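Down below is the structure, laid out as structure tokens.
The values are calculated or read from the model by the stated rules, or taken from the named source; none is laboratory data. These figures come from a predicted structure and were not determined experimentally. Every residue, glycine as well, gets a Cβ built from its backbone with ideal geometry; the counts of neighbours run over all protein chains shown. Protein only, heavy atoms only, side chains kept; ligands, DNA and RNA dropped before computing areas. Shrake-Rupley method; radii C 1.70, N 1.55, O 1.52, S 1.80 Å.
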Amino acid sequence: MAAFVAVSASAQVTEDFKPASTNQEGKQYPMVNSQRMVRAQISAPEANSVKLDIGGVKYEMKKDANGVWTGESAPQDEGFHYYQLNIDGASVPDPGSKYYYGASRWGSGIDIPAADEDFYTVKNVPQGSVNEVYYYSSVTQQMRHGYIYLPAEYYANPTKKFPVLYLQHGMGENETGWSAQGKTGIIMDNLIAAGKAKPFIIFMDNGLNARKPGEQPMGFGGPRPGGQRPQGGARPAGGQRPRLSGADFAKMARRMGGAFEEVLIKDIIPMVEKNYRVIADADHRAMAGLSMGGMQTHGITLNNPKTFAYVGIFSGGSISADELTDVPDFKATNKVLFMSAGGKEKGMAEGEGSVINAAEGLKKIGINAHSYISPETAHEWQTWRRSLYQFAQLLFK
């Protein structure tokens, strides 16, 4: 259940609100101020109650004489957040914002300005493209849909072949997440133009809807009353997942690929290598993902150790040195293993189970392991944007 907060009228609110960058064209609301508070506004003269629901917390809005409701949130973390409006008990998208797929629905999203947003800001540099791709899956026996990022050099140098990163979203999201919320194309264009990353292709697919004929949709124990978690599988404050032992987590990760693992190995990779100019070997293949996609990456790369030389797990746990005891081919093939988390993700950012500890253990057995902690962010897109920025600079070098 989402928490409810009534923002006090006496709270000190800095009146320097500006329209959010994620608004629909010409829309003034929602707005964000220098305190990173979100102000929403909607005309609903016949409504009796309107709340702003962001990050699983509901903030009361007030109606004026014209039937216009206005209200503010508490300060938010930097970066992208899903949100919605609750009007007389019904949760609906804000007509002022652009829509994004997350929390298992199309709905509103807002970007809170960040001190480091320069790395995902559009600049006058050579521009790659993010294109839709339809392909037939022999595993699901259906047409499927993904997105592919092609760097600017793919067009400028028509004889060159490129490495590929297969990049996966989180629970409740789909193949649009990395390009829309994650700003993948912008991040890559800026990195390549700055000479910080080698040009490579990125393929982004839906890791949740892959199932063989007759199979049930993938999930963690069936439908959830009251809706899905926000932010790619994050729980609102106050709720923690039950802690799994390292062995149990490893077993679950190895199963996480489901039918998607077969789709990736049997359909996606062969399709990309047939239709695009790529270098078709393990040394030029990478896989990464966030949250659930990180767990899928964990399982798929261990199950197929000779397929990917570069592995990235963002807020999806970690691979331990013990797990590689029975997977000698992983150590033989792997060139980089990158694991990250948000600084507010206590289970992964601190303590015995942290990605930092996991990386140190892996280094002792000869793995080129890297860890990264995103400052002052939780299980959210700013963590994953920063993770991609860091990981991309390690690839294919």
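Remark: pairs (first residue in segment 55-68, over 21 Å from Gln382 (Cβ atoms); second residue surrounded by 15 or more Cβ atoms within 10 Å (Cβ to Cβ) and basic (Lys, Arg); Cβ separation under 7 Å; 6+ apart in sequence or on different chains) = Lys58/Lys51; Glu60/Lys51; Met61/Lys51. Considering Glu360, Glu345, Glu352, Glu376, the condition of being of a type in the set (Asp, Glu) and touching a helix residue (DSSP H, G or I) at 6+ places or on another chain (Cβ under 8 Å) is satisfied by Glu345 alone.
Considering segment 1-119, the qualifying strands (runs of 3 or more DSSP E), each wholly inside and each with 1 or more residues that are of a type in the set (Ser, Thr, Tyr) and over 27 Å from Leu208 (Cα atoms), run over 38-43, 57-60, 68-72. Every condition in (1) closer than 30 Å to Val272 by Cβ; (2) under 22 Å from the mean Cα position of the chain (by Cα) is met by Ala152 except one, and the failing one is (2). Tallying residues that are buried (at least 20 other Cβ atoms within 10 Å of the Cβ) and not aliphatic (A, V, I, L, M) within segment 43-75 yields 10. Contact map, segment 292-309: residues that are more than 17 Å from Val164 (Cβ to Cβ) paired with residues that are open to solvent by 10 Å² or more (accessible area, probe 1.4 Å) and among the acidic types (Asp, Glu), Cβ distance under 6 Å, separation 6+ or inter-chain. Pairs shown: Pro305/Asp329.
Does segment 363-397 hold any residues that are assigned to a helix (DSSP H, G or I) and either within 13 Å of the chain's Cα centre (by Cα) or surrounded by 21 or more Cβ atoms within 10 Å (Cβ to Cβ) (or both), and which are they? Scanning segment 363-397 gives Trp381, Gln382, Thr383, Trp384, Arg385, Arg386, Ser387, Leu388, Tyr389, Phe391, Ala392. Does Thr184 count as closer than 23 Å to Gln24 by Cβ and in contact (Cβ under 8 Å) with a residue 60 or more places away in the chain? Yes, satisfied. In summary, helices (runs of 4 or more DSSP H) completely within segment 138-219 and bearing 3 or more residues that are open to solvent by less than 10 Å² (accessible area, probe 1.4 Å) occur at 184-193. Only residues that are in a strand (DSSP E or B) and charged (D, E, K, R) were counted across segment 120-137, and they come to 1.
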